[in-house]
Amino acid sequence: MSDNTIYQFTAKTFHGLEKILASEVKKIGASDIKILTRAVSFKGDIEVMYRANYEARTALNILQKITEFTANSSDELYEKTKKINWDDFIKLEETFSIDKTIHSNIHKHSQFAALKTKDALVDFYNEKYQKRPSVNIKSPDKKINLHINGTKCTLSIDTSGDALFKRGYRKDTGPAPLNEVLAAGIVMLTDYKNIDYFYDPMCGSGTILIEAARIFMNIPPAYNRQKFAFHKFSNYDYQLWNKVKREAEKRINKEIPLKIIGTDIEDELIKITRKNISEAGLRNYIIVQRKNFINTKFENKKGLIVTNPPYDERIKSLDINNLYKDMGDTLKKGYKNWSGYIFSGNMNAIKSIGLKPSQKHQLFNGKIECKLLKYDLY
């Protein structure tokens, strides 16, 4: 029997990618879409939830709302949490954890609020069965999310399990890897349509290249992933899930007209990139070679450069300002009629590029404030 219930969901993302995520969930059939801070809320049935997990490139996880209430004290939080019929969400033998996001003067101590929620949940089972489910912080069967804003409390269940940036292809990384969701978002913020060449000249461990190839070929972001939390939900519909996957995989296009190229100056990173590309099944679609980008030329083609050069945070380069100046000179002299996008967290070094950006997007890489800058080269 199919479940036609409409649920309320929240998809989390990174700062600056909310609009892209909103358009992604719209495309998969979500309704009542609202853009929040580092998140998008929407409504849909379980098919929409399956598709969001499988197809939304910029989602970090998909939360399904259990309930919402106001709590003016931690005792009230406990009482109202305990009233929920937890049997609908967690089996007695399953493990669980509580994730929390709290902005509140009343529930100032977020650890205490999470503890109260956990106690209420455990006491619900204890009173009903004289037994209790166990907490497992590392790899729980079910993750419960507690969101408190002032006195408004929202409890949700995480339908994804492991964060969705864990795509399943990255076996190795360099010293400063880019998160896969962020890499996909960066590519989606560029003018990536109708180009002959996509080039990442400082490709690191290859994340931008792989995410770009998957966008061009329409490969679902979770294509390589085996497990999702919703597989353990009581309303899990195996046939519907298979239908969602089949439909998404029918849209994969292996005949792409453009060339995808990556270079890096370090042998070790080229090895890592090749390994990750193989793992993603994209060896025939991405060309990778060891090369210094500075002073290279590639004119008279419609190309796009998207790169995440060192910021001097985790990778120390000899002279970061000089590197950025050389990058700017190379783009200006060697890449006429291309567009260049540079993603960096070094605001000082960006000034050395010496070109005027035609677009700026503010993003974060972990805690580092970054900008994605577009340069029109002519």
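The numbers here are math on the coordinates, done by the rules we state, and not lab data. Fair warning: this is a prediction, and the values are worked out from it, not measured in the lab. All Cβ positions, even for glycine, are placed from backbone atoms using ideal geometry, and neighbour counts span all protein chains on display.
A quarter of the convex hull surface defined by the alpha-carbon atoms of segment 7-158 gives 8.9 nm² as the mean projection. If I compute Cα extents along the principal axes in Å from the structure I just sent, which labelled value in [x] 77, 49, 36; [y] 73, 45, 37; [z] 71, 47, 41 lines up? Correct label, based on the coordinates given: [y].
Would you work out which of ALA163, LEU115, ASN126 lies farthest towards the positive end of the dipole of segment 71-187? Charges go on Cβ: Lys and Arg +1, Asp and Glu -1. The Cα lying farthest towards the positive end belongs to ALA163. Taking the average, over residues, of other Cβ atoms within 10 Å as the packing measure, peptides 303-309, 156-162, 284-290, 354-360 rank 303-309, 156-162, 284-290, 354-360 from highest down. Listed peptides 123-134, 184-195 appear in the order 184-195, 123-134 once ranked by packing, highest mean of other Cβ atoms within 10 Å at the front. Using Cβ point charges alone (K and R +1, D and E -1), the dipole size of the chain about the Cα centre works out to roughly 680 debye. Sorting the segments 217-223, 65-71 by their residues' average number of neighbouring beta-carbon atoms within 10 angstrom, most packed first, yields 217-223, 65-71.
Set Lys and Arg Cβ to +1 and Asp and Glu Cβ to -1, take the dipole of the chain about its Cα centre, and tell me which of TRP86, VAL306, PHE96 lies farthest positive. The one lying farthest along the dipole's positive direction is VAL306. Hydrophobic long helices, here whole DSSP H runs in the chain with Kyte-Doolittle means of at least -1.0 and Cα atoms spread over 27 Å or more along the helix axis, are found at 110-129. Answer rounded, prolate or oblate for segment 85-234, using the Cα gyration tensor with square roots of eigenvalues a ≥ b ≥ c: rounded when a/c is under 1.5, else prolate when a/b is larger than b/c, else oblate. Prolate, because a/c is 1.5 or more and a/b exceeds b/c. The residue list LEU77, VAL25, MET49 was ranked by how far each Cα lies along the charge dipole of segment 7-158 toward its positive end, using unit charges on Cβ atoms, and VAL25 comes out on top. Assuming charge only on the beta carbon of Lys and Arg (+1) and of Asp and Glu (-1), the dipole of segment 7-158 about its Cα centre is about 400 debye to the nearest 20.
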